[in-house]
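Structure record follows, encoded as structure tokens.
Where a number appears in this text, it was derived from the coordinates with a stated rule and is not lab data. Worth saying up front: this structure is predicted, and the values here are computed from it rather than measured. Virtual Cβ from ideal backbone geometry, glycine too; neighbours counted across all protein chains shown.
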Amino acid sequence: MTASLLASAFAPSPPQWGKQNKRSKIMTQKTLTKAELSQFTGTEHWYRHSIARNVLYTDGAKHVAESAGAYWLLDEIAFAQSIRAVKAESFQVWKLKVSPNHSATLACEDGNSQIVFSKGIEFTDFPLDEIAFYFTDNVLMLPSEY
């Protein structure tokens, strides 16, 4: 047997579905604090949403997505831009409020506390009880980045 065939013959097989390989790393819980968010003022980079290509987001929004494992939240806001009532608002305030039972409500306000869109989320492991974003000129940002 050649060395490569020999190595592949004794290579460990992947774990079965639902079973964890002893050598695999255990995922660490994502965390995010309000103190972290307050440090974002302005942005150095703008990132283009991978599917809703006309939507950009800032360093702060990217930090939320990465630290909290919440790219789904950026997706929800970006995809909602196709809803007529949402699209009609040039300045949007997006608020995610998480309940103690881990359900949540994502709402879009017009900047004057009038809700133009709301969506229930059955379960989330988002680490904060609430967070807000601004969306204007096709850019999603933290309020401190405005």
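General remarks:
- Residue 92 fulfils the conditions (1) touching a residue at least 12 places away in the same chain (Cβ under 8 Å); (2) farther than 12 Å from residue 140 by Cα; (3) not in a helix (DSSP H, G or I) except for a single criterion, (2).
- Cβ-Cβ under 9 Å pairs, at least 6 apart or on other chains, region 55-67 side of a type in the set (S, T, N, Q), far side buried (at least 20 other Cβ atoms within 10 Å of the Cβ): 58/140; 58/141; 58/142
- When residues of region 63-86 are limited to those that are β-branched (Val, Ile, Thr) and under 12 Å from residue 133 (Cα atoms), the one surrounded by the fewest Cβ atoms within 10 Å (Cβ to Cβ): 77
- Candidate set: region 106-143, residues that are surrounded by 14 or more Cβ atoms within 10 Å (Cβ to Cβ) and hydroxyl-bearing (Ser, Thr, Tyr); chosen: the one farthest from the chain's Cα centre (by Cα): 136
- Restricted to region 87-105, and to residues there that are of a type in the set (Gly, Ala, Ser) and surrounded by fewer than 19 Cβ atoms within 10 Å (Cβ to Cβ), the residue that is nearest to the chain's Cα centre (by Cα) is 103.
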